[in-house]
Amino acid sequence: MIWLLALQLAVNATQHYENAKQDFAQRKFSEAVSEVDIALHESPNMVPALILKARLAIFAHRADIARSCLITAVTDDPASEDAQFFLGLFYYNQNDFSMAVSPLQAAHALSPKSPMPVFYLAMTYEAMSDAAKASDLYQQAENLSPEKTPQRAEILLAYGRFLLMLGQTPDGIKKVRQSIQVNPGFREAHYELAKELNVEGDFKNAALEAEQALTLPELNVKDAQIHFLLARLYMSLKQPDLATAHMEKFKAAQQNALK
């Protein structure tokens, strides 16, 4: 009878976890929290549920809960690539770069063909000013990333920024352009290319890239940033009317952000 009860609890926990996953995907965060808590009440060592609870805690700005869940997940199942990866990602996002290295390396060892642990290792070593390791890891991440995917575009953009930071301008611009080729709807890459072309003095093409960025969905790069860049570019192109129009839009966007 005891094993039957344990089996029933496991089945119930799995169902609540699946409900939580679905709620999380639909951004129903309060419902997801309730479901994942029930799952963990019935099965405290369910690693996928611990990871999901950690991700929900991050959305709620509860780093303490996220850390606790992820450490428990890694302790319970050191062979879980997801647990190791999300723990490394957590430390990376907390700017605790030295702590991020070990779980990210473990995730890479567990899934050597996955680009994301290598990608975050590259950014971690870049943050720690180890350019040699970062460069090698960025190249590995690019080699591992699937063709024509947003994931590859993101990796190429980060690699390009890294090369630009090192002063390797032609190679850096090439990577950013490749990012756009992979994902033409990547606003952040168009904006990055516009900024670099501005530095290079190619104001006309920079303006074209910035205008393209402005037509794409607003995510990490805000409209205000693009309007400000366009105002500078059109002043450089001696088109003061357009420069003034974008500066006014920049000011309006800034005011709206303060409301």
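Coordinate-derived values only; no laboratory data. All values reported here derive from a predicted model rather than from experimental measurement. No Cβ is skipped: glycine too gets one built from the backbone with ideal geometry, and neighbour counts run over all protein chains shown.
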Inset, instruction - Determine whether segment 212-234 contains at least one residue that is over 27 Å from Glu154 (Cβ atoms) and among the hydrophobic types (A, V, I, L, M, F, W, C). - result: yes
Legend entry - Test: residue in segment 234-250 that is surrounded by 15 or more Cβ atoms within 10 Å (Cβ to Cβ), within 20 Å of the chain's Cα centre (by Cα) and without any contact (Cβ under 8 Å) to a residue 40 or more places away in the chain: no
Inset, instruction - Test Ala194 against the criterion of being within 29 Å of Thr124 (Cβ to Cβ) and under 17 Å from the mean Cα position of the chain (by Cα), and give yes or no. - result: no
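Within segment 108-142, track down each residue that is without any contact (Cβ under 8 Å) to a residue 40 or more places away in the chain and among the small types (Gly, Ala, Ser).
If the condition is that a residue be without any contact (Cβ under 8 Å) to a residue 40 or more places away in the chain and among the small types (Gly, Ala, Ser), then Ala109, Ser111, Ser114, Ala127, Ser129, Ala131, Ala132, Ala134, Ser135, Ala141 are the ones that fit.
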Legend entry - Any hit, segment 169-188, residues being surrounded by 16 or more Cβ atoms within 10 Å (Cβ to Cβ), polar (S, T, N, Q) and under 25 Å from Leu242 (Cβ atoms): no
Inset, instruction - Could you check how many residues of segment 93-131 are of a type in the set (Asp, Glu) and surrounded by fewer than 21 Cβ atoms within 10 Å (Cβ to Cβ)? - result: 2
Legend entry - One residue from Phe29, Phe90, Phe86 being among the hydrophobic types (A, V, I, L, M, F, W, C), surrounded by fewer than 17 Cβ atoms within 10 Å (Cβ to Cβ) and within 21 Å of the chain's Cα centre (by Cα): Phe29
